[in-house]
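S.K.: Please see the structure below; I have some questions.
The values are calculated or read from the model by the stated rules, or taken from the named source; none is laboratory data. Note that the structure is predicted; figures quoted are calculated from it, not measured. As a convention, Cβ positions derive from the backbone with ideal geometry for all residues, glycine included, and neighbour counts pool all protein chains shown. Just so you know, the surface numbers come from the protein's heavy atoms only, side chains and all, with ligands and any DNA or RNA stripped out. Shrake-Rupley method; radii C 1.70, N 1.55, O 1.52, S 1.80 Å.
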Amino acid sequence: MEEAILTIMALLFVAFVALGVYAAVRVTKAAKRGVDRTLDQARRTVEDTTLRAKSFGQAGAAGELARLRLSLRTSMRATQEALQAGVGQDASLKESLDLFNRLSAHGLELDADLKRLEREPDRAWVAGQLPELTARTERITSSADALRRAARDRALRFAEDDLSTLSAQIDVEAGALRHWTDPEPAPDAASAGTEERGRPAGAPTGATGRAADAGPRSEPSAITGPDPRLTAYPWEKSTRPETTT
């Protein structure tokens, strides 16, 4: 018996240790991914700031290369963010995202070429390559912009259609809330009215006629009310007998 208890305790200890190691690994990986994302974002911010400064501060081929790289990076990043944000709500954007991933391969290749030319000492040769590089950049950015704008127009159209449908439903509901009718007369009252119209003059009517035949009518109970001494309820105290002086 003691051996079984010790075995169970040992297994529980091993399970807790394994669970702790697994949780620690997961936390470490998540922290590493967070640090990597922060570093990547900081590096992109620095590179964009540097390119922006070069495009405004340098003339000639160097400034033009910086301008092309900045235009390419800005367009591709904006399109990627738009498609990734919209694919969760619109599954049809998955194909657009696949096309963008193929376009990204050409964009990365062009960015590498532009970055390599920034270190090229022969500025005259670089200037000769600028027309072709500009055309490539415009083709890629135009395609990226077309995907981004189409996705944005699609999202706006869906939002407008949903708003129109919702407005129509609200109008119908508001009309239903404003539509009311007077309650129909009770069946007893309607039948009583019909009997009154069909009864000859002077004929006794219903319970009133029977009450007239039975004897003198008493006061309506709704006016005088019942005698509390004759009506007892479970929650009422019994009435004290009257005392005589």
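S.K.: Kindly establish whether G86 is in contact (Cβ under 8 Å) with a residue 12 or more places away in the chain, out of contact with any Gly (no Cβ under 9 Å at 6 or more places or on another chain) and open to solvent by 50 Å² or more (accessible area, probe 1.4 Å).
M.R.: no
S.K.: Is there a residue in the range 4-20 that is surrounded by 10 or more Cβ atoms within 10 Å (Cβ to Cβ) and under 30 Å from R77 (Cβ atoms)?
M.R.: Within the range 4-20, none of the residues are surrounded by 10 or more Cβ atoms within 10 Å (Cβ to Cβ) and under 30 Å from R77 (Cβ atoms).
S.K.: Here's something else I'd like to know. Among A59, A18, A30, A66, which is more than 20 Å from R149 (Cα to Cα) and touching a residue at least 12 places away in the same chain (Cβ under 8 Å)?
M.R.: A66
S.K.: Suppose we filter T79, T49 for residues that are among the hydroxyl-bearing types (S, T, Y), at pLDDT 80 or above and open to solvent by less than 50 Å² (accessible area, probe 1.4 Å); which single one remains?
M.R.: T79
S.K.: Provide a single number: the residues in the range 98-153 that are open to solvent by less than 60 Å² (accessible area, probe 1.4 Å) and in contact (Cβ under 8 Å) with a residue 24 or more places away in the chain.
M.R.: Qualifying residue count, the range 98-153: 24.
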